[in-house]
Amino acid sequence: MPVYTAPKKDMQFLLHDVLDITNSDIPGYSELEVDFTSAVLEEAGKLASEVVAPLNTVGDSEGCTLDNGVVRTPTGFKDAYDQMKAGGWMGLDCDPDFGGQGMPYILAIAVGEMFTSANMAFNMYQGLTHGAYSAIHAHASDSLKATFLPKMVDGIWTGTMNLTEPHCGTDLGLLRSRAEPQDDGSYKVSGQKIFISAGDHDLAENIIHLVLARAPGGGEGIKGISLFIVPKFLVNEDGSLGERNGVTVGNLEEKMGIHGNATCVMNYDEATGYLIGDLHNGMRAMFTMMNEARIGVGMQGYAQAAVAYENAVEYARDRLQGRDVTGPQNPDGPADPIIVHPDVRRSLMDQKSFVEGARAFTYWGANLIDQAQRSGDNDAEALISLMTPVIKGFQTDKGFEMSVQAQQVFGGHGYIEEHGMSQFVRDARIAQIYEGTNGVQALDLVGRKLGADGGKPVMAFFEIIKSFIKENDGNEALKADFLDPLKSASKDLQAASMYFVQHGVKDPNNALAGSYDFMHLFGQVCFGFMWARMARASLDMLAAGTDDTDFHQTKIATGRYYMARHLPATTMHLARITSGADKVMALSPDAF
Ligand SMILES: Cc1cc2nc3c(=O)[nH]c(=O)nc-3n(C[C@H](O)[C@H](O)[C@H](O)COP(=O)(O)OP(=O)(O)OC[C@H]3O[C@@H](n4cnc5c(N)ncnc54)[C@H](O)[C@@H]3O)c2cc1C
């Protein structure tokens with residue numbers, strides 16, 4: 001059975017030594033003192049390791065069941081969910097006006113990483129609820145907020161997001177679900193939604209579906225769509241549950257992974273719904289949920305790689321095969337542990353440097369979200385909007401790749417189910433697909449985000465990197481290993497952006513054919529920047545005489561590995577991008 005240990009020390013390092021959150025002027029950050037975050041992470045880590053993680057393989061093997069229209073989650077999920085609820089974990093960063101604890105998002109993402117590594121399928125019930133909470137909080141009327149939010153914050157009710165229909169996933173302009181206005185101001189929502197995560201289950205008393213549908217007068221295409229709250233049970237004036245609404249589960253999907261999460265076909269048959277956000281402008285409201293969800297999915301990508309890596313290290317220390325070519329390390333045993341072999345070490349370094357780089361990048365992103373939301377900083381808002389497709393797309397691609405590498409460390413024992421490595425790979429795979437496929441993230445990055453506001457956010461990002469390099473100019477310990485490679489990678493990113501400006505307008509295919517490489521190039525530069533910042537923080541700690549020299553020296557060595565072995569990928573991505581669309585589009589569709 002796989003193990004999970006929460007990486008509290010690395011989290012504390014990022015929060016305090018790298019991001020220095022306590023000294024930030026973001027409202028709420030001054031409360032996040034070292035002892036406080038340590039206590040929160042300790043408690044969450046315990047729950048994740050002792051209660052949630054042991055249910056991961058149970059969820060995978062049992063899956064959810066649908067019996068007479070009732071969905072049941074795997075054995076133990078309800079009890080674990082109740083413990084999460086009792087601990088107040090659901091409302092950690094939610095608005096105190098609705099019963100939340102009002103903590104910054106950065107703390108919620110650290111805690112969320114733990115529960116996701118421990119059991120991704122399980123944590124999705126809570127994750128989707130949080131997304132629905134955010135959309136309602138940002139766009140619903142006061143009375144709808146008062147009706148729905150307190151119970152969602154407490155976890156008594158959960159939430160879902162309903163976009164996808166059988167004939168439309170990426171292209172939501174094709175959406176057919178309808179909403180007919182009623183005299184009392186509500187709507188009757190009808191249509192079929194598919195692939196709805198946490199669509200139905202036995203963990204909560206009510207399920208609050210957020211549903212995209214067309215109300216009359218909105219016209220065709222993406223612009224005419226509106227967003228509705230459709231509860232599974234109607235809610236009486238006094239807050240008690242009323243009659244069952246017109247929404248049922250048509251089927252449970254059989255799928256590759258996340259078996260513990262119920263992926264449902266949902267049928268809406270004149271179900272009572274309440275409009276949130278502006279009529280015919282539902283995509284705007286849904287985007288509140290989707291942006292947050294995309295950061296969350298980017299976190300899922302590395303959270304799976306993190307737990308897979310932890311288990312791969314354990315295995316590599318135990319498994320005896322072959323001898324160290326430089327001389328036996330375990331002379332009394334029949335062979336040396338496989339961790340002595342350079343190729344196994346390469347794989348573990350790949351995994352470690354990815355996981356820690358991704359954690360830093362995600363926390364930096366969460367920090368920007370707090371800055372945008374709590375301080376009303378528009379520049380931070382623009383920057384996180386630019387970064388969101390990178391966090392989602394790059395991290396889930398690499399997260400899957402690194403989960404596969406962790407599985408590979410087990411040889412054949414990784415392919416069979418006994419060690420749980422196959423589940424990490426299967427579970428990690430979905431993160432590349434949902435919340436907009438990674439191909440669509442790349443399109444969003446190049447087609448919308450790059451040119452947003454005349455390119456100001458991307459220019460601001462280049463300036464941030466330039467300032468960091470300048471600020472650390474005289475630091476010889478950083479220069480050759482960190483600053484020079486970062487400068488070179490950043491130049492590649494600027495050259496790729498320039499290529500799109502010069503050639504993408506003339507022929508949009510030039511931009512679109514290079515978009516996926518651009519997303520990866522961007523991700524590499526962000527990781528390079530994060531590693532340079534982490535190295536700087538560790539060097540500072542060493543210079544200040546920290547007791548924890550091992551941690552910081554390991555951090556710097558891991559960063560050097562990333563800069564030397566991964567960052568050069570930017571050159572390859574740039575070469576691919578500047579080769580243009582011709583080679584990509586050379587064959588006609590029937591030549592394949
Ligand atoms: C397990 C699971 C859980 C899910 N949970 C939810 C949920 O809770 N709520 C919800 O609403 N949906 C959910 N989804 C749906 C998911 O978000 C969609 O499957 C996804 O957005 C892709 O849509 P699609 O499957 O229709 O693929 P399509 O849109 O048909 O895309 C097929 C392929 O074409 C590519 N493509 C499409 N358009 C373009 C374009 N313009 N340019 C370039 N490439 C393009 C895509 O990248 C993809 O590779 C879930 C799906 C799964 C499998």
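The values are calculated or read from the model by the stated rules, or taken from the named source; none is laboratory data. Fair warning: this is a prediction, and the values are worked out from it, not measured in the lab. Note that we place each Cβ from the backbone using ideal geometry, even for glycine, and neighbour counts take in every protein chain shown. The area values use the complete protein model at the heavy-atom level, side chains included, leaving out ligands, DNA and RNA. Shrake-Rupley method; radii C 1.70, N 1.55, O 1.52, S 1.80 Å.
Miscellaneous remarks
- Scan region 400-421 for residues that are in a helix (DSSP H, G or I) and open to solvent by 10 Å² or more (accessible area, probe 1.4 Å) and the total you get is 13.
- Set Pro150, Pro166: member being more than 14 Å from the ligand (Cβ to nearest atom), open to solvent by 10 Å² or more (accessible area, probe 1.4 Å), out of contact with any Asp or Glu (no Cβ under 8 Å at 6 or more places or on another chain) and within 30 Å of Phe77 (Cα to Cα): Pro150
- Residues in region 409-432 that are among the aromatic types (Phe, Trp, Tyr) and either closer than 30 Å to Val505 by Cβ or free of Cβ contacts under 8 Å to residues at least 24 places away in the same chain (or both): Tyr415 alone.
- Within region 153-163, the residues that satisfy the criterion of being open to solvent by 10 Å² or more (accessible area, probe 1.4 Å) and either touching a Pro at 6+ places or on another chain (Cβ under 7 Å) or more than 10 Å from the ligand (Cβ to nearest atom) (or both) are Asp154, Ile156.
- Qualifying residue in region 499-512 (condition: in a helix (DSSP H, G or I) and under 24 Å from Asp17 (Cα atoms)): no
- Once region 463-498 is narrowed to residues that are outside any helix (DSSP H, G or I) and open to solvent by 60 Å² or more (accessible area, probe 1.4 Å), the residue that is nearest to Gly393 (Cα to Cα) is Asp473.
- Selection of region 218-239 for residues being open to solvent by 30 Å² or more (accessible area, probe 1.4 Å) and more than 28 Å from Phe122 (Cα to Cα) yields Gly219, Glu220, Ile222, Lys223, Asn236, Glu237, Asp238.
- Test result for Glu435, touching a residue at least 12 places away in the same chain (Cβ under 8 Å) and either away from the ligand (no atom under 16 Å from the Cβ) or touching a helix residue (DSSP H, G or I) at 6+ places or on another chain (Cβ under 8 Å) (or both): yes
- A count restricted to region 374-399 and to residues that are surrounded by fewer than 22 Cβ atoms within 10 Å (Cβ to Cβ), of a type in the set (D, E, K, R) and in contact (Cβ under 8 Å) with a residue 40 or more places away in the chain stands at 3.
- Residue within region 506-514 that is crowded, with 17+ Cβ neighbours inside 10 Å, within 16 Å of the ligand (Cβ to nearest atom) and among the acidic types (Asp, Glu) present: no
- Qualifying residues in region 177-217 (those that are in a loop (DSSP other than H, G, I, E, B), charged (D, E, K, R) and open to solvent by 10 Å² or more (accessible area, probe 1.4 Å)) - the one farthest from Pro231 (Cα to Cα): Asp183
- Of all residues in region 247-283 being surrounded by 18 or more Cβ atoms within 10 Å (Cβ to Cβ) and of a type in the set (Gly, Ala, Ser), the one that is nearest to the ligand (Cβ to nearest atom): Gly257
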